[in-house]
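Heads up: the structure comes next, in structure tokens.
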Amino acid sequence: MTRIIDARQLTPVTKLFRLDAPLIAASARPGQFVMLRVREGGERIPITIADYDRAAGTITIVVQEAGATTRRVCALEPGDSLLDVAGPLGSEIDLPAGGHVCGIGGGFGSAALLCFMRERSALGDRTTAILGARNRDLVILADELARVADRVEVCTDDGSAGFHGFVTQRLAQLIDGGGAGRPDAVVAIGPMAMMRAVAETTRPHGIRTLVSMDPLMVDGTGMCGGCRVTVGGQARFACVDGPCFDAHEVDFDTAMRRNKAYVREEGIASERAACQSGRSGGHASQAH
Amino acid sequence: MPVRRTDKTAMPVQDAQVRAHNFFEVNGGYSAAHAAFEAERCLRCQHPLCMDGCPVHIPIRDFIHAVAAGNLPDAARILRTANPIPSICGRVCPQESQCEAECSMGGRFNPVAIGHLERFVADWERTQALSIEPAITRTQKVAVIGAGPSGLVCAGELARLGYAVTIYEALHAPGGVLRYGIPEFRLPKAILDWEIDMLKAMGVEIVCNVIIGKTLTLDDLTGKLGYAAVFIGTGAGLPQFLGIPGENLNGVYSANEFLTRINLMRAYDFPNTDTPVRVGKRVAVIGAGNTAMDAVRTALRMGADEAMIVYRRSDEEMSARVEEYHHAIEEGVTFHWLTSPLEVIDDGSGWAAGLKCQRMQLGEPDASGRRRPIPIPDSEFVLPVDNVVLAIGTTPNPLLTRTTSGLAVTAKGCLLADDATGLTSKTMVFAGGDAVTGAATVILAAGAGKRAAHAIHANLQPSA
């Protein structure tokens, strides 16, 4: 059992949790994830570690209501517990230090930039966070990121805050020398379509770009092979070889198709979870 | 005196047509009368060869003698002293290639049903009130990594020797392959749970959701956590893939994923449980080992109309237990021998719709000693299937070795460990089971765990 210390609603469907997890906090690195389970009979789902505080023995995760399990997590409050939290799993984001690093967060993927940007700033990198959302109410953690990154840029599809347009448009401006200037490396974490668009934006410029893949996963320790992602023509396991991979080598078409394998079942489970928690509606997809 | 009867006493089994659609155990188990009747067949050899065939050298003659004499407490004690998990081994061991292969009754007659008798005694023991007390008599504590067969046995032996033992398990429930891999119809979870409860009663602590190599390092265990010795029983859980086109289509599973979804995550009870699995009308399982048999029979029970084995060699080279093979035949599994998969065909929407195969013939023996399959030209054909399950083997999980310095591994990723003791390249770090041998059997893993426990004990004893 892992106790929830803090919980904060970030958007109507996104919630931040600080968990009492001293062993995980002690060894967590940016880019890694935990596998969690809410209840007996529940799924094991991967959730990216947004941040960690070794001294306090806590980790922070951000969960977006999407499927049955995330719905159940988001119904929890401080003092409640998660049934199982195992981690940290996966490899840390592997980039050489020095230079200008741009972290791109799509939707609640922005959360995963927290520890990454802080660590890169501490290493002496110049850090820029670009946060994308449909509108201003869905932008998360901009203030927190402003404290750990040199610069935070917000992009909204409807122009209700920051740059009016997609993160890729703003990224293109940076690459052309606008704003904080051309990045030496880009790390994109968010919806698959956004990550693919980022990959296509940096590809012609040869900028090292990593994306954090979130395939369906059962165990998270390399055992099931369900999370295989085709990278450079090779099958790689996101849980042990990733979750971050070279964006220019990732086969996004296959990855997006594989993630839709259980859309029907997720819908059924999600509806049941909604009924059980007294709420309704919603489509299903897995959390990042 | 032994009674000469040519045939084994038959194991009561669930009707094949019925059991093909449920997860209840196939074998019903001997009654006391069955067991006594079968035990009488044992010749009580002066030099029992069966014992040599057993990887943990159970005094088979003696426990069977006790059964024949109606002394079940003695039989149980003899059995459990030699093998800490008899109710599991009695169910899943390949007896035909181990103890029963050496039985003096073999050849002219059927060998004594040693496995069935082992299971009977262990199951009888489970009905008795046990008064196990933790008997931790030593200050030194030992960590075990992985709660699969080798880890459980190692922990049990060490607890018996008085050590405080902690097992660290990465998943949320202990058992390893016994829980996520072997299906309920072959090894009911209640039996596994009972064996694990026995360990807990002996004082073994089991910590789940801790991944050694990630949550804690191996050096943390021997360092700041103060374990005097560590046993690594992390198994060989990394699934292999064929590398053929279409392998990443939806509906293609590794056997580990397929079985984990169903056995560990209880996908058969979806949507009461949250983890789904998609089993279509026609399921092809590639491979012919025990895992392949488990997967193909599970597919039937999950509602497949046709579940088939596709294997590039012949039934002669199949590595599955004979009993499971026969059970699979009875349940209606179909077999495509000498058939090699070439490609998984896309249905046009990203799901598997067929398996393109090629017929094979057997040539000269290869490095494995088995006759090598050779493709027959122009023999390609397509099996229409909705699912493909790959059960072509596993390799040791690299998670621990990648994050531990000084832990020597072979080219295949197996841990290097001394045969007799399990000692690795690191001081007071021992290993055994599939992590050392590559994918093998439960009893070999159990034997390695037991040997390592005694080696650890020998190393921790203050020198006289």
- prompt: Residues B:Leu152, B:Leu178, B:Leu171, B:Leu161: which one is over 24 Å from B:Leu400 (Cα atoms), in contact (Cβ under 8 Å) with a residue 24 or more places away in the chain and hydrophobic (A, V, I, L, M, F, W, C)?
  reply: B:Leu161
- line: Checked the range A:225-262 for anything aliphatic (A, V, I, L, M) and away from chain B (no Cβ under 11 Å); matches are A:Val231, A:Ala238, A:Ala247, A:Val250
message: Tell me whether the range A:57-73 contains one or more residues that are out of contact with any Ser or Thr (no Cβ under 9 Å at 6 or more places or on another chain), free of Cβ contacts under 8 Å to residues at least 40 places away in the same chain and small (Gly, Ala, Ser).
response: yes
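This table checks each residue for (1) small (Gly, Ala, Ser); (2) surrounded by 12 or more Cβ atoms within 10 Å (Cβ to Cβ); (3) at pLDDT below 95; (4) part of a helix (DSSP H, G or I).
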residue	(1), (2), (3), (4)
B:Met1	no, no, yes, no
B:Lys8	no, yes, yes, no
B:Phe23	no, yes, yes, no
B:Tyr30	no, yes, no, no
B:Phe37	no, yes, yes, yes
B:Arg41	no, yes, yes, no
field: Candidates A:Gly87, A:Gly103, filtered to the one that is under 21 Å from A:Ala172 (Cα atoms) and in contact with a Phe, Trp or Tyr (Cβ under 7 Å, 6 or more places away or on another chain)
entry: A:Gly103
message: Residue under question is B:Gln95, and the condition is that it be in contact with a His (Cβ under 9 Å, 6 or more places away or on another chain) and either modelled with pLDDT under 95 or among the polar types (S, T, N, Q) (or both); does it hold?
response: yes
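Across the range B:163-180, which residue is farthest from B:Gly213 (Cα to Cα) among those that are in a strand (DSSP E or B) and away from chain A (no Cβ under 13 Å)?
B:Ala164
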- prompt: For the range B:360-445, list the strands (runs of 3 or more DSSP E) that sit wholly inside it and hold at least 2 residues that are surrounded by fewer than 22 Cβ atoms within 10 Å (Cβ to Cβ); which are they?
  reply: B:371-375, B:381-384
query: Wholly within the range B:234-337, which helices (runs of 4 or more DSSP H) include no fewer than the required count, namely at least 2 residues that are free of Cβ contacts under 8 Å to residues at least 40 places away in the same chain and either touching a strand residue (DSSP E or B) at 6+ places or on another chain (Cβ under 9 Å) or within 17 Å of B:Cys357 (Cα to Cα) (or both)?
result: B:322-331
field: A:Gly79 within 13 Å of chain B (Cβ to nearest Cβ), over 30 Å from A:Gly177 (Cβ atoms) and part of a loop (DSSP other than H, G, I, E, B)
entry: no
statement: Checked against (1) at pLDDT 95 or above; (2) in contact with a Leu (Cβ under 7 Å, 6 or more places away or on another chain), A:His248 satisfies every condition except (2)
In the range B:116-135, the residues that are under 19 Å from the mean Cα position of the chain (by Cα) and without any contact (Cβ under 8 Å) to a residue 60 or more places away in the chain: B:Ala122
- prompt: Does B:Lys450 satisfy the condition of being under 28 Å from B:Ile182 (Cβ atoms) and surrounded by fewer than 15 Cβ atoms within 10 Å (Cβ to Cβ)?
  reply: no
statement: The one condition B:Ala458 fails out of (1) buried (at least 16 other Cβ atoms within 10 Å of the Cβ); (2) outside any loop (DSSP other than H, G, I, E, B) is (1)
task: Collect the residues in the range B:308-337 that are more than 22 Å from the chain's Cα centre (by Cα) and crowded, with 22+ Cβ neighbours inside 10 Å, keeping them in residue-number order.
output: B:Arg312
task: Using the structure shown, decide if B:Leu225 is within 14 Å of chain A (Cβ to nearest Cβ) and under 27 Å from A:Phe252 (Cα atoms).
output: no
task: State all residues of the range B:424-455 that are among the aliphatic types (A, V, I, L, M) and more than 30 Å from B:Gly393 (Cβ to Cβ); if no residue qualifies, say none.
output: B:Met428
- prompt: If a residue has to be farther than 21 Å from B:Asp386 by Cβ and either more than 9 Å from chain A (Cβ to nearest Cβ) or out of contact with any helix residue (DSSP H, G or I) (no Cβ under 7 Å at 6 or more places or on another chain) (or both) to count, how many in the range B:236-268 make the cut?
  reply: 5
statement: Exactly one of B:Phe109, B:Phe120 is at pLDDT below 95 and out of contact with any Pro (no Cβ under 8 Å at 6 or more places or on another chain), and that one is B:Phe109
query: Just checking, how many residues over the range B:194-243 are charged (D, E, K, R), surrounded by 21 or more Cβ atoms within 10 Å (Cβ to Cβ) and more than 26 Å from A:Ala235 (Cα to Cα)?
result: 1
Within the range B:181-222, tally of residues that are touching a helix residue (DSSP H, G or I) at 6+ places or on another chain (Cβ under 7 Å), part of a helix (DSSP H, G or I) and within 10 Å of chain A (Cβ to nearest Cβ): 0
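The values are calculated or read from the model by the stated rules, or taken from the named source; none is laboratory data. Computed from a predicted structure; not experimentally measured. Methodologically, a virtual Cβ is constructed for each residue, glycine included, from the backbone with ideal geometry; neighbour enumeration extends over all protein chains shown.
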